[in-house]
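**Q** To start, I am sharing the structure in question, which I have written as structure tokens.
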Amino acid sequence: MNHSNIARFVVWICRKFNREEIEGIITQLALTLKDPHAEVKPRDQFKEEHPNYRNFRPDQVEPLTQPLAVKKKREKTSVYFL
């Protein structure tokens, strides 16, 4: 997050919560960051940039085991009717 995003986040928190709730949020954040066993995962920038990476389903129809039969090309004949 850059500084402008952090500032906007702080303003949002100040609008949504009162002073006591904000102090509680700060306390909980500090405790979570100090705890070595806390499940604080770093942001994965690749997943944010590519949200659908590996998010697909394979075809339900199995691939062909034998090649398709090749159709013979018909020769063009020039027949003129008068």
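Listed here are the residues, each with its yes/no results for (1) modelled with pLDDT under 95; (2) touching a Ser or Thr at 6+ places or on another chain (Cβ under 9 Å); (3) not β-branched (V, I, T).
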| residue | (1), (2), (3) |
| --- | --- |
| H3 | yes, no, yes |
| F9 | yes, no, yes |
| F17 | no, no, yes |
| L29 | yes, no, yes |
| D35 | yes, no, yes |
| V40 | yes, yes, no |
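**Q** Filter region 1-50 for residues that are polar (S, T, N, Q) and not in a helix (DSSP H, G or I); which is nearest to the chain's Cα centre (by Cα)?
**A** Among those residues, the one meeting the criterion is N2.
**Q** For region 58-82: of the residues being at pLDDT 80 or above and among the charged types (D, E, K, R), which is nearest to Q28 (Cα to Cα)?
**A** Here the residue is D59.
**Q** In region 1-25, what residues are in contact with a Phe, Trp or Tyr (Cβ under 8 Å, 6 or more places away or on another chain) and surrounded by 10 or more Cβ atoms within 10 Å (Cβ to Cβ)?
**A** I25
**Q** Pairs, please: C-beta under 8 Å, at least 6 apart or cross-chain, first residue without any contact (Cβ under 8 Å) to a residue 24 or more places away in the chain and in region 15-36, second part of a loop (DSSP other than H, G, I, E, B)?
**A** I25/F17; T32/A38; T32/V40; L33/V40
**Q** Moving to a separate point now. Anything in region 23-49 that is among the hydrophobic types (A, V, I, L, M, F, W, C) and over 18 Å from F9 (Cα atoms)? List them, or say none.
**A** L31, L33, A38, V40, F46
The values are calculated or read from the model by the stated rules, or taken from the named source; none is laboratory data. Quantities reported herein were computed from a predicted structural model and do not represent experimental measurements. Don't worry about glycine lacking a Cβ; one is built from the backbone with ideal geometry, like all the others, and counts go over all protein chains shown.
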